[in-house]
Every structure is written in structure tokens, then in C-alpha cells.
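Asks: Below: one structure in C-alpha cells.
The values are calculated or read from the model by the stated rules, or taken from the named source; none is laboratory data. Because the structure is a prediction, the values reported are computed rather than measured. Positions of Cβ are generated from backbone atoms using ideal geometry, with glycine treated the same way; all protein chains shown enter the neighbour counts.
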Amino acid sequence: MPTQLTAADVRQSLNAHVADKAAEIRARYGPMLGWPELQRLLQDRAQVRYPCELVFDAAPLQAGECAHPVARGDRPEDGFTLFVHPAYQTQLPAVPLLALYQLVLVNYGAFASADDAETFGAGALGLSRDEYYRRLCELADQIKTGDPCVAP
């Protein structure tokens, strides 16, 4: 009789997969994933499953939101626009922290959790989850939100 997977099993499996993908990104794009590396990463279908263009525009963001991907059509294959708050346009080295957190939504959709996003971003950047989360909060605080860390 086959073993039934629980929701916790599926969640743990996804988080392990996300950690593996983050390690691949770190190996491929180096220990310092900056703006140029992020641009190449967004074109890499082995790492970013669907087309994704980064745009600095706060119009589609909710109040206090730093970044969020928006589908371009009904199918993921149509691609995404990753909107990033324009406050970060002058801080290009910090943008990968925000983008990596959101890329789990591009790759995994609604299955992705905040835990997965933190695992992914921290792993790709070679940071502890606590350090990654702290840096995200510092960036979010710059736009004066009521909730400094907006989950995906």
C-alpha cells in the first residue's frame, strides 16, 4: 500500500527543492549576486522558470509592498513583470535581495510560502535566513510601511 504524503511532507519537499535551486544559483552566479548577475538570472530558464522582466514602478504594488510579480496573462508561460518599488532604483546592489524573495512566486506560484522565499533568497546569497530576513526588513523600512516585512 502506497504511503500517503501529508501537507507537511509536501511543504518540506518544496522547501528542500527551493534550497537546492538557491545553491545552483549561488554556484552559477557567484558569491556576490549583484545587479548584473540578477539581469542574467532573470533570463536563465533553468533557474527562473518563466519569462520575467524587472520594472521599477510602485503603481501595481500594495501600500508598503517592496516588490511583487504580476502575471502578464492567464498562463505562467506568458511571463511575469516583477514590479519593484522605485525607491530602490538608486540601490541596485540591494535589488537582488528583494527580487529573489519574489522569484519563488514566479517559479512555484501559490504553493510558495514566506518560508520558501526566505530559504531561496538566503541560499542564493549565501546568508543565514536570519541575516537575509533582517536585510529585507531594513529595505522594507525604507519605504515606511506599517508591516516592514511583506510576505509573498
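To keep it simple, each residue is scored yes or no on (1) of a type in the set (Ser, Thr, Tyr); (2) in a helix (DSSP H, G or I); (3) in contact with a His (Cβ under 9 Å, 6 or more places away or on another chain).
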| position | (1), (2), (3) |
| --- | --- |
| 17 | no, yes, no |
| 42 | no, yes, no |
| 47 | no, no, no |
| 58 | no, no, yes |
| 74 | no, no, no |
| 90 | yes, no, no |
| 96 | no, yes, no |
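Asks: Within the stretch 48-66, can you find the residues that are surrounded by 12 or more Cβ atoms within 10 Å (Cβ to Cβ), touching a residue at least 40 places away in the same chain (Cβ under 8 Å) and not charged (D, E, K, R)?
Replies: 48, 50, 52, 54, 64, 66
Asks: Which pairs do you get when a residue that is within 15 Å of residue 122 (Cβ to Cβ), found in the stretch 11-33, comes within reach of a residue that is in a helix (DSSP H, G or I) and among the hydroxyl-bearing types (Ser, Thr, Tyr), reach meaning Cβ atoms under 7 angstrom, with the pair 6+ apart or on two chains?
Replies: 15/119; 18/119; 19/119; 22/119
Asks: Which numbered condition in (1) modelled with pLDDT under 95; (2) in a strand (DSSP E or B) is the only one that residue 63 fails?
Replies: (2)
Asks: Quick test for you: out of 41, 82, 33, pick the one residue that is touching a Pro at 6+ places or on another chain (Cβ under 9 Å) and within 15 Å of residue 108 (Cα to Cα). Walk me through how you get there before you give the answer.
Replies: Values: 41 fails: within 15 Å of residue 108 (Cα to Cα); 33 fails: within 15 Å of residue 108 (Cα to Cα).
Being touching a Pro at 6+ places or on another chain (Cβ under 9 Å) and within 15 Å of residue 108 (Cα to Cα) holds for just one of 41, 82, 33, which is 82.
Asks: Check whether at least one residue in the stretch 124-139 is part of a loop (DSSP other than H, G, I, E, B) and free of Cβ contacts under 8 Å to residues at least 60 places away in the same chain, and report yes or no.
Replies: Let us first name the residues in the stretch 124-139 that are part of a loop (DSSP other than H, G, I, E, B), namely 126-128.
This time we only want the ones that are free of Cβ contacts under 8 Å to residues at least 60 places away in the same chain, so: 127-128.
Yes, the stretch 124-139 has at least one match.
Asks: For the subset of the stretch 19-40 comprising residues that are of a type in the set (A, V, I, L, M) and outside any helix (DSSP H, G or I), which member is modelled with the highest pLDDT? Before you say what the answer is, go through the steps one by one.
Replies: Applying the first criterion (of a type in the set (A, V, I, L, M)) to the stretch 19-40 yields 19, 22-23, 25, 27, 32-33, 38.
Filter once more, keeping what is outside any helix (DSSP H, G or I): 32-33.
Numbers: 32: 89, 33: 94.
Top of the filtered list is 33.
Asks: Which residues, counting only those in the stretch 71-108, are surrounded by 14 or more Cβ atoms within 10 Å (Cβ to Cβ) and without any contact (Cβ under 8 Å) to a residue 24 or more places away in the chain?
Replies: 71, 72
Asks: Does the stretch 76-88 hold any residues that are in a loop (DSSP other than H, G, I, E, B) and in contact with a Leu (Cβ under 7 Å, 6 or more places away or on another chain), and which are they?
Replies: The initial filter retains those residues of the stretch 76-88 that are in a loop (DSSP other than H, G, I, E, B), namely 79, 85.
If the condition is that a residue be in a loop (DSSP other than H, G, I, E, B) and in contact with a Leu (Cβ under 7 Å, 6 or more places away or on another chain), then 85 is the only one that fits.
Asks: Among the numbered conditions (1) part of a helix (DSSP H, G or I); (2) in contact with a Phe, Trp or Tyr (Cβ under 9 Å, 6 or more places away or on another chain), tell me where residue 53 comes up short.
Replies: The number of the failed condition is (1).
Asks: Looking at 91, 12, 43, 62, which one is within 15 Å of the chain's Cα centre (by Cα) and of a type in the set (S, T, N, Q)? Show your work before the answer.
Replies: Numbers: 91 fails: within 15 Å of the chain's Cα centre (by Cα); 12 fails: within 15 Å of the chain's Cα centre (by Cα); 62 fails: within 15 Å of the chain's Cα centre (by Cα).
Result: 43 is the single residue among 91, 12, 43, 62 that is within 15 Å of the chain's Cα centre (by Cα) and of a type in the set (S, T, N, Q).
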